[in-house]
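A short write-up of the structure that comes next.
The values are calculated or read from the model by the stated rules, or taken from the named source; none is laboratory data. It should be emphasised that the depicted structure is a prediction, and the values quoted were computed from it without experimental measurement. Cβ placement follows ideal geometry from the backbone for every residue including glycine, while neighbour counts extend to all protein chains displayed. Accessible surface areas use protein heavy atoms only, side chains included; no ligands, DNA or RNA. Shrake-Rupley method; radii C 1.70, N 1.55, O 1.52, S 1.80 Å.
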Amino acid sequence: MSTSNDPTNIVDFGPRQDPRTERVGKLLETVRDASAKHLKELIDGMFEHVDDALFDLAEKAESNAVQTQYFDGMREVRKKRALVERRFLETAHRSLSNLATGAASPLAGTTHGTQSQNELSLVDDSELEESLAIASMIGKAQSRLTRPLYAVNQRLSVICGGNKVEGANNPVGPAMLCEAFRQAMRELDVETRVRLIIYKLFDRYVMAGLDTLYGALNTTLAQAGVLPKLHHAVPGRRPSAATASAGAQAAAGDGPAAEDADFQAEFYQMLNALLSARQRDVNSTTLGTPSLSPAELLGALSLLQNEIAVHPTPAGVIPPRDRTTLGDIAQLKEHLQYQINQLRGDSRARMSGADEDTIDLVGMLFEFILEDRNLPAEMQVLLSRLQIPYLKAAILDRRMFAHTSHPARRLLNALADAAKGWSDESDRDRRLYVKVQTIVESLLQDFDDDMDIFARLEQELADFLATNRKRAELSEQRVAEAVRGREKLQQARRLAAQEILSRIDRQQMPELIHSILTRAWANYLVLIVLRQGEDSQEFRVALRFVDDFVWSVQPVHNDADRDRLRQLLPLLEKSLRHGLATVAFQDADVQSLMAQLNALYHKQLGEPVELEPDALAADLPVATPCIPDSIDTIAKPEVIAEVTASERETAALDQDDPNVARVRALKVGNWLEFSSGKEGTDERAKLSWISPISGKYLFVNRRGLKVADKTMAQLASEFANGTASVLEELPLFDRALDAIVERLRKTQDSAKQPQ
């Protein structure tokens, strides 16, 4: 007999035919007032954090558009906060008043996660996300607050004259409070991402504060004599269909209650979106036929798994769909039904609707894998062999579809992520391919019903990838440093060339002076830029030498010019010797050059000039040349034009071009696929570095070796003509579920079109 019907625990409020006595009315009024006060405090506390949360997210937004959404959301919440709070509290207050009059009933929409499978309906994306968020909140709160909520339900049932109060119609229960807030949120005109953030805050600050409310209500009602000796024992929970099919794992009670409730809400919501629109026919001939137990279904799957395991892994292109892949859902069901008939000896036995849904879902998941352009063809073949092990995993534990942290889901995502950057060129020793193949074969041969195998294999893959990642990162770093060094040298050469050209342009001068400036001195300027920078005192002094050197060979018009030249020559000589030594001119070359300059200035002044060949040689440092390129062309205009070509291309780009936007959106770590249009020549490469100097994008393979470096203009052009594409960053499992939802939605929309 339930506790609520135990006469020793029930306070007599008067005749049973009229339970709403004056005292009962006062108790309900107390419940209503205490709840309203507590909820007002909780909702106020939540809205105090909305502004800060949205502002923090806006600062970290990945794009201006997303940032604008958060700021718009902040303004909308500030403007309508009072309205939303009032609507929420009014709805909760109305529900409590209805309870007092005996008219309590669930609010519309409070049965999330409790609908029967045949009543599920496909919903809009934003509504689905909202429903999942609410279902998750309700599930977690009900599991966390099981004991105090059970006591509140029992006590409210008593003071309502025995009318049963439970989760769906309890005005202060998680389900009705969440639905009240959902109705209040309709006042806000905000984007879905902002709406979901507010729901998270509601979960964190309102739902998390219900412990205190339930504690206060239970204390108040117990002190008033309502079930004062109520034992907080919770009736045993009957396993759901999904949990029942989880075999030994569910029987052992594996996993926390909160996670199980959260899973139930999310899983059935997802199943709602994916499968209800298929309008499965239930024909009368199938009614009453024997249904399979989970053990029988798993046994049939194990037989199929053994058949696949004995087939060698197909090499090369994806093979026709046969028993080695079972990629087609109908074919899979046919094979499975055959095995079931053989095992049971009864051709009438059929799978349950829930099991058929699971088969459909896993089948569509692996159809997606066979079509996923993120995966190279050989890796598609390998991963497609996992269909039966993953179907068994889903039958054993359907939380795989609801929880991103599920080990089976994590393993498949990790395998797909490792495979994304694979190619024959980057895996010549086939180490990665063999590792993936080994993991696939281990699942096919060893997986029975021990779900721990997924976690073990995931860790094995992680250890393997970590070892290889260290080598790749070292190679990647060396490539980036080499490119960075070349670009710094190129930038320094361009700067030196521009500075010299600007000073000798249209100036008449002997070939000797021109040669010194455009060769030796240009190299000296490059070294200064690389070592001290273009803002250094050394660079300014070196440029002043260029000005003085050019002036020194201009015609001498008067005595003042002649005196200035005489005073300047020793300084020019000293600077020139230092520069020549820095770029490692040999002593013999310095002496020859000084002799030529001596003759030049003798003619310039009309008198002997003494430039000592060895005067400073002993004090000059000797440096190794750092410029391997020919220095003859460093200052030619066409060289500068070549160096700045990428800048001109970038400047000429149409910034509104979506392909340019795609390039700008690239981030270090993104994987791209480059195609030459020839079969077998596609190359996968990771964006390793974006040059702050030239703006070029450096790409490496999974071994860290350089594949290409491209300008923004080149990448935009390749995006436009389809020879470059960005590989998805979202995990495989998540992308597959998104694709399945979209596929089913299109099927449903097509079915609605008039024929």
Convex hull volume of the Cα atoms in region 400-439, per residue, in Å³?
61
Would you please put 203-209, 53-59 in order of how densely packed they are, using the mean number of other Cβ atoms within 10 angstrom per residue and starting with the highest?
203-209, 53-59
How much area per residue is accessible in region 156-224 when the probe is 1.4 Å and only protein heavy atoms are counted (Å²)?
34
What order, most packed first, do the peptides 76-86, 171-181 have when packing is the mean number of other Cβ atoms within 10 Å of each residue?
171-181, 76-86
Heavy atoms only, 1.4 Å probe, whole protein assembly: order Trp422, Trp689 by accessible area, highest first.
Trp689, Trp422
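For Leu730 and Gln477 in the same chain, what is the full-extension length gain: residue separation times 0.36 nm, less their Cα-Cα distance, in nm?
Working: separation 253, 0.36 × 253 = 91.08 nm, distance 2.56 nm.
Result: 88.5 nm gained on full extension.
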Residues of region 514-554: accessible area per residue at 1.4 Å, in Å²?
41
Would you mind listing how long region 394-539 runs along its three principal axes, going by Cα atoms, in whole Å with the largest first?
89, 32, 23
Volume per residue (Å³) of the convex hull spanned by the alpha carbons of region 408-482 is 89
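Give the dimensionless ratio obtained when the Cα radius of gyration of region 372-435 is divided by 2.2 N^0.38 Å.
Details: Rg = 13.2 Å, N = 64, 2.2 N^0.38 = 10.7 Å.
Region 372-435 yields a ratio of 1.24.
If you take every residue apart from Val668 with its C-beta less than 11 Å away from the C-beta of Val668, what net charge results, scoring Lys and Arg +1 and Asp and Glu -1?
On the way: positive: Lys667, Lys686; negative: Glu476.
Surrounding charge for Val668 is +1.
Eigenvalues of the Cα gyration tensor times 5, then square-rooted: what semi-axes does that give for region 491-556, in whole angstrom, largest first? Spell out each step's value before the answer.
Details: eigenvalues 90, 27, 17 Å².
One finds semi-axes of 21, 12, 9 Å for region 491-556.
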For Lys603, give me every one of the lysines with a C-alpha distance below 22 angstrom, ignoring sequence neighbours fewer than eight places off in its own chain.
Lys574
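Taking the highest mean first, how do the peptides 40-52, 707-719 order by number of other beta carbon atoms within 10 angstrom per residue? Numbers along the way, then the final one.
On the way: 40-52: 15.9, 707-719: 19.8.
Highest to lowest by the protection proxy: 707-719, 40-52.
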What residues have an amide H closer than 5 Å to that of Asn170, excluding those fewer than 5 places away on the same chain, when H is modeled at 1.01 Å from N in the peptide plane?
none
Can you give the accessible area of Arg87 in Å² (nearest 10), computed on protein heavy atoms with a 1.4 Å probe?
70
Of the listed pairs Lys420/Lys706; Lys60/Lys686; Lys667/Lys710; Lys420/Lys667; Lys37/Lys140, those with alpha carbons more than 20 Å apart are Lys60/Lys686; Lys37/Lys140
